[in-house]
1. With a point put 7 Å past each Cα toward its Cβ, work out how far residue 78 is from residue 291 in nm, to one decimal.
2. Compute the FRET efficiency between residue 95 and residue 57 as 1/(1 + (r/R0)^6), taking r as their Cβ-Cβ distance and R0 = 22 Å, and round to the nearest 0.05.
3. Tell me the angle of helix 125-141 to the major Cα principal axis of the chain, expressed in degrees between 0 and 90 and rounded to the nearest ten.
4. How charged is the neighbourhood of residue 219? Take every other residue with its Cβ under 15 Å from the Cβ of residue 219, and add Lys/Arg as +1 and Asp/Glu as -1.
5. Under the rule of at least 5 residues apart or a separate chain, name every residue whose amide H is placed under 5 Å from the amide H of residue 84.
6. Rounded if a/c is under 1.5, else prolate if a/b beats b/c, else oblate: with a ≥ b ≥ c from the C-alpha gyration tensor eigenvalues square-rooted, which is the chain?
7. Separation between the residue 172 and residue 213 pseudo-spin-labels, each 7 Å from Cα along Cα→Cβ, expressed in nm?
8. Once every DSSP H run of n ≥ 4 in the chain is given -39500 (n - 2.57) and the sum is divided by its residues, what mean residue ellipticity at 222 nm do you get, rounded to the nearest 500 deg cm²/dmol?
Amino acid sequence: MFRNTRVPAAGALAALALVLAPATAAAQPAPNPFERGPDPTTQSIEASRGPYATEDLEVSDLRTPGFGSAVITYPTTTADGTFGAVAIVPGYTARESSIAWLRPRIASQGFVVISFNTNSTSDQPAARGEQLLAALDYLTQESAVRDRVDPDRLAVMGHSMGGGGTLEAAAERTSIEAAIPLTGWNADKTWPGVQAATLVVGAENDSTAPVARHSIPFYESLTNAEERAYLELNGASHFAPNSPNTTIASYSIAWLKRFVDDDTRYTQFLCPAPRTGTALSDVRTSCPIDESQA
């Protein structure tokens, strides 16, 4: 038997529409104002160049307060608004040239990137961390491209003692969005003060900063980081970050895009966690990533 039902009057339908409209609108995700570039693919994040044309700006050490000479690489377009920024520091005894390959590779994906020489090649991690912060301040406040940078979307990277300096910088300035220590070295193994999303990259055959005494303890101590991940380069040495490396570049780009630009299109490359195999000998992550933080 069918129950007798009535069609609501026009006034009732209008009232019902008013009740349902907010719920329908709330269900639509808000557009992300920080998305930059086309939809990513595995090929696009592994490419040696991204979708943005870039230019370089050399900066003399006479003009850099708190750090040495530098090179800034930035997207040439102004049509997409401001970009997030990344500062990169080399390791002990090394010069900017040792990590310079990362600068255009990351910048061409939609970032303003500064890599620099340290005040002394023997600077320890704490000094390198201070210089990373000084480089970010210069980039956002004094550089010729400061108008292209969003000062609220910043990240730090570094190799070896520069990787240790990356943790120092992120612990000191908790507003930093992302940190990527590459085969990092630091006498301090515990970093609960770091709040930035942190990607720790270690090397399986690192005899200078063995992962069991550096990268893995770093990762395990990041208990207050927004997100964390540990990727161990299969068969690699301490100096793997000193030459172009697709594994380092692609995961760094995905990490920076996801946590500096809040671009959830890049989550697919980070979670589920990458598998071990030819490129990676160990992987540890905080997956699943909380997409509500985007």
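We did not get these values from a lab; they are worked out from the coordinates using the rules stated. The shown structure was predicted, so the numbers you read here are calculated from the model rather than taken from an experiment. All Cβ positions, even for glycine, are placed from backbone atoms using ideal geometry, and neighbour counts span all protein chains on display.
1. Using points 7 Å along Cα→Cβ, the separation is 3.6 nm.
2. Efficiency, from the Cβ-Cβ distance: 0.75.
3. Helix 125-141 sits at roughly 60 degrees to that axis.
4. -4
5. The list, which skips near neighbours in sequence, is 112, 150.
6. prolate
7. 2.6
8. Rounded to the nearest 500, it is -8500 deg cm²/dmol.
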